[in-house]
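Take a look at the structure set out below.
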Amino acid sequence: MLPLRYVQGDATSPQAAGPKVIAHVCNDLGGWGKGFVLAVSRRWPEPERDYRAWHRGRAGNDFGLGAVRVIQVRPDIWVANMIGQHGMRTGSNGPPIRYDALNRCLDALAGHAATLGASVHLPRIGAGLAGGRWPQIEPLIITNLCARDISTTVYDLN
């Protein structure tokens, strides 16, 4: 099992050699415009474009909680849009994060990363606007990625 690595820096600028997947959590409403997605969109237009098209076509595709799309943005970098939050605001059903959906996303992400021979790079997914608790999210990452020997780095902005 590989250890989960923490570094100071920007997850959109992964610190590793070889193929890399940058993973983040999206909502199931088609909304893209706050949080980490802004940093993604500043670097590459493809992930947002793909997410919006995926959402528009949801009646005929797999868009929904637990689904993942991996979009290539450079020869050695992909972005994984993971649908792990229901809605965008905390309400009577609690925060938007859905831990079961995030777990399914991370399992699928592991498969994509293994196929690509890629390391995974992410901010503290689900613990920002999605309202999740990092002590519940970190074990999902360790179980789905680190325990499968996928090199995984969490980035904290300074």
- Task: Mind listing whichever residues of region 48-68 are touching a Cys at 6+ places or on another chain (Cβ under 7 Å) and at positive phi?
- Result: GLY66
- Result of the Cβ filter at 8 Å on region 7-22, keeping first residues that are within 15 Å of ILE141 (Cβ to Cβ) and partners that are part of a loop (DSSP other than H, G, I, E, B) and not aromatic (Phe, Trp, Tyr), at least 6 apart or interchain, is VAL7/GLN15; ALA11/PRO123; VAL21/ALA118; ILE22/ALA11; ILE22/THR12; ILE22/PRO14
- Within region 80-96, the residues that are touching a residue at least 12 places away in the same chain (Cβ under 8 Å), in a strand (DSSP E or B) and farther than 14 Å from ALA108 by Cα are GLN85, GLY94
- Task: Of all residues in region 113-133, count the ones that are open to solvent by 30 Å² or more (accessible area, probe 1.4 Å) and of a type in the set (A, V, I, L, M, F, W, C).
- Result: 4
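Here is a check on your reading of the model: is HIS86 open to solvent by 20 Å² or more (accessible area, probe 1.4 Å) and touching a Lys or Arg at 6+ places or on another chain (Cβ under 8 Å)? Steps first, answer last, please.
Working: open to solvent by 20 Å² or more (accessible area, probe 1.4 Å): yes; touching a Lys or Arg at 6+ places or on another chain (Cβ under 8 Å): yes.
For HIS86, the condition - open to solvent by 20 Å² or more (accessible area, probe 1.4 Å) and touching a Lys or Arg at 6+ places or on another chain (Cβ under 8 Å) - is met.
Are any residues in region 127-151 outside any loop (DSSP other than H, G, I, E, B), within 23 Å of PRO95 (Cβ to Cβ) and of a type outside the set (A, V, I, L, M), and if so, which ones?
Residues satisfying the conditions are TRP134, PRO135, GLN136, GLU138, PRO139, THR143, ASN144.
The values are calculated or read from the model by the stated rules, or taken from the named source; none is laboratory data. Because the structure is a prediction, the values reported are computed rather than measured. Every residue, glycine among them, receives a Cβ derived from its backbone with ideal geometry; neighbour counts consider all protein chains shown. Areas reflect the complete protein model, heavy atoms only, side chains present, ligands, DNA and RNA absent. Shrake-Rupley method; radii C 1.70, N 1.55, O 1.52, S 1.80 Å.
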